[in-house]
Structure formats: C-alpha cells, structure tokens
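Chemist: Dumping the structure here so I can ask a few things about it.
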Amino acid sequence: MSESKSDPGEKPNPRPNSRPQRQSGNDRRGAIAGLIIAIVILGVGWWLARDLTAASKMQDCLMSGRTNCNVIEPAR
C-alpha cells in the first residue's frame, strides 16, 4: 500500500514525532521556588552567624573573668 496523502488544503507536518512545546510557566515556578529556598537558607545562615558571633563574644568576656559583659546601648 502506498503512503497516505494529505488533503490538498492541509499542510504536511514536517516533524510528525516531535513533542509539543512545554509551557514556560512550570519552568518559572521551579526557578522561583528555588530562588525563595536559597534566600531563606541565606537568611537563616546570616542570622545564625550573627547569633553565634554574639555568643562567642559573650563567652570570651566571661572567660576573661569580667562581670560586666552585657552590651549597653547608648541612649538616643
């Protein structure tokens, strides 16, 4: 049997086995979710670093034998 011919008004499909194009919305959602997760991790890391630095300074002060180690903020 010969190949089936298309109707005269139809254009032949140049790539009959090609996949349909994916929507870019799903790709963006994944990228945005990854960006949000990265920002949260960086924020937690920054907060943890500041907290550990403050605790280290307090321990250094206490280990040196001082009794007045609390930070006093100046009046504004």
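Chemist: Show T67, T53 ordered by accessible area, largest first, where the area counts protein heavy atoms only and the probe is 1.4 Å.
Modeler: From most exposed to least exposed: T67, T53.
Chemist: Right, here's the next one. Could you please put D60, D51 in sequence from largest to smallest accessible area, using a 1.4 Å probe? If you can, show how the numbers build up before the last one.
Modeler: Values: D60 100, D51 80 Å².
Largest accessible area first, the residues go D60, D51.
Chemist: I want to check the label-to-label distance for S56 and R29. Put each point 7 Å from Cα in the C-beta direction and report it in nm to one decimal.
Modeler: It is 4.2 nm.
The values are calculated or read from the model by the stated rules, or taken from the named source; none is laboratory data. Because the structure is predicted, anything quoted here is derived from the model rather than measured. Cβ sites come from the backbone with ideal geometry, for glycine too, and all protein chains shown count toward neighbours. SASA here: full protein model, heavy atoms, side chains in, ligands and nucleic acids out. Shrake-Rupley method; radii C 1.70, N 1.55, O 1.52, S 1.80 Å.
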